[in-house]
Each structure stands twice: as C-alpha cells, then as structure tokens.
C-alpha cells in the first residue's frame, strides 16, 4: 500500500552532467505544480526543500575521470540520509533533479532502509542512457553516467560506500526501459551482468504494454520495494526537449503515460525520482509540465 504522505526533496545539481541547467530542474517541476497535482489525487504533500549543492563556479575538478567527485559525494550522502529518514517514517519520497548522479544518493538511502526492514529493492530505470559506466569506461568522466554501476557496487569507493559499505542493488533487480544511447563499455557490462534491458527497438517490436506488463509481473514475485528512476530524456525530444542529454527516437507522449499508469495500477511503487529536467533548453517550461503530468499518472491519475 503506497503511503498517502509524499515528501518532495529537491536535488539542484548539474555537477554530474556535461551541460549546465539541470540544477534548475527542481524549481521547474515545482513551478509546473507537481505538488498541487498530487494534492488533487488525495496525497498530503510536504516540500522538504533542497539538498545544498555548491555550484561549479566555486570549485575545481580534481580528477577528470570523476568530475566534481567530492561535492557529488557529499550531496549524495545528504540525499541518502534524507531519503532513508523519509522511508523510515513510512512516507513516500519524491526526489526532483537535478542530473542523474542523484540516483547514487537516492538508491543508497532506499537500499539502506530496505536492508533494515528486510525488503528487496527493485529499480525500473526509464532512460535513453544506461548510466552504467565506471571511471575506466566513461568517455567524459561525468558522474551522471555512472549511478547504476555505483548502485551495483562498481566504481569509486567514495560513491559505492554512500549509505553504507554494501551493494545497494542486485543486477537481477533492475530493468531498463527506453535505452537508445549506450557506450561500448556499458554494453559489455549489461551483457556480462545479465541485466534485463528493453531498448527502443524492443519497444517498437513488442509494444510498451507487453514489456511493462511482463516486467511488473516478474517484479511482483522478486521484490518488495519498487523505485522508479525516470530520466526525462527517455521521452522523445519532440515531446520534451528541455532535458540534459536529448536523444532522438524516444518514448511518445502516450507510451510514457501508459507506462506510468500501469506502474500505478500494479500498486508496487514505493519511491520515485525525476532526473535531467533542463528548463534552459525548454520552451515555456513545457517539459517540466509534461514530467509533472507523468509523475501524476504514476501516482494514480486516470482519464476516467
């Protein structure tokens, strides 16, 4: 049973990304009335404000393979603690990003909570990118391309030990949906670990309905806590162009909402995060408005 108390946590960070602007994502989502949309669905919504993140202007890059590592580590540890505390209270954390390095913190906090209460964590990673680089495979050194690897216990020790020194996620308990931009090293790791991954080719071939139906049926028997990590660049830029790293050929408006509505219908969801909303690249905040609508669909909004 999903908690009726939702706690919004802003993570205004662009340090993990190659392009500026996603640090304004939490503000854009708030301006898009995300809290009001959930209140209308009967939730009690509390805004916990933002995790404090120092901007690029006041720090230097110490390691080109792990850009802005100290500040990202610090911010993600704070996010982890916050998310864990929200779940310990029995409430629902909704994390607003921010680049996708946020997931290092959010998944660490969720996993620490699950470990305490004996729950098995599963993650649905909805994204154009697989974000499973390690420092030696990353073409950029941008940490927003590493959170899945970190959650699996791979990569920099500073990041893998956030929330505790244990693997936060098992490879069999994460499912990718919407992939269409994967680096060579990531491709090899996904195959080596046997991670279930549905690319846009699979979505075109089998349809989003059967893919999400099969995924949720499998997760119902193998996990107790479902976390949704929704990178807005999973959606086609024609629908949402204000994203950190746009890639042509993504999910359509209706595919996104069907996906979210079916997740809501399953009753499995226990936490949610939205990543990579970039209002600088947007037009009249339409991408954040779309993202807020997608979150509402995942939290139970229906046409009828």
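Where a number appears in this text, it was derived from the coordinates with a stated rule and is not lab data. What you are looking at is a predicted structure, and each value in this text was computed from that prediction instead of being measured. Reconstructed Cβ throughout: ideal geometry from the backbone, glycine too, with neighbour counts over all protein chains shown.
Structural remarks
- Relative packing of peptides 2-12, 240-250 - highest average C-beta neighbours within 10 Å first: 240-250, 2-12
- Over the stretch 1-73, relative contact order from alpha-carbon pairs under 8 Å, at least 6 apart, %: 41 percent
- Taking the number of Cβ atoms within 10 Å of each Cβ as an exposure proxy, the fewest-first ranking of 129, 100, 113 is 113, 129, 100.
- GNM top mover of 102, 13, 262 - the chain, alpha-carbon springs below 10 Å: 262
- For the chain, built as a Gaussian network whose Cα springs stay under 10 Å, the top-fluctuating residue of 40, 275, 28: 40
- Look at 130, 101, 60 and count the other Cβ atoms within 10 Å of each Cβ; fewest to most, that gives 60, 130, 101.
- Three-way shape label, the chain, alpha-carbon gyration tensor, a/c 1.5: rounded
- Sum of -39500 (n - 2.57) over DSSP H runs of 4+, divided by residues of the chain (222 nm, nearest 500): -11500 deg cm²/dmol
- Additional length obtainable on full extension of the chain from residue 48 to residue 62, 0.36 nm per residue less Cα span: 1.9 nm
- Taking the centroid of alpha carbons for each part, the stretch 76-126 and the stretch 5-72 are 14 Å apart.
- Among 222, 181, 270: highest mean-square fluctuation, GNM of the chain, C-alpha pairs under 10 Å: 222
- Here the calculated FRET efficiency for residue 284 and residue 165, from their Cβ-Cβ distance with R0 = 51 Å, stands at 0.65, rounded to the nearest 0.05.
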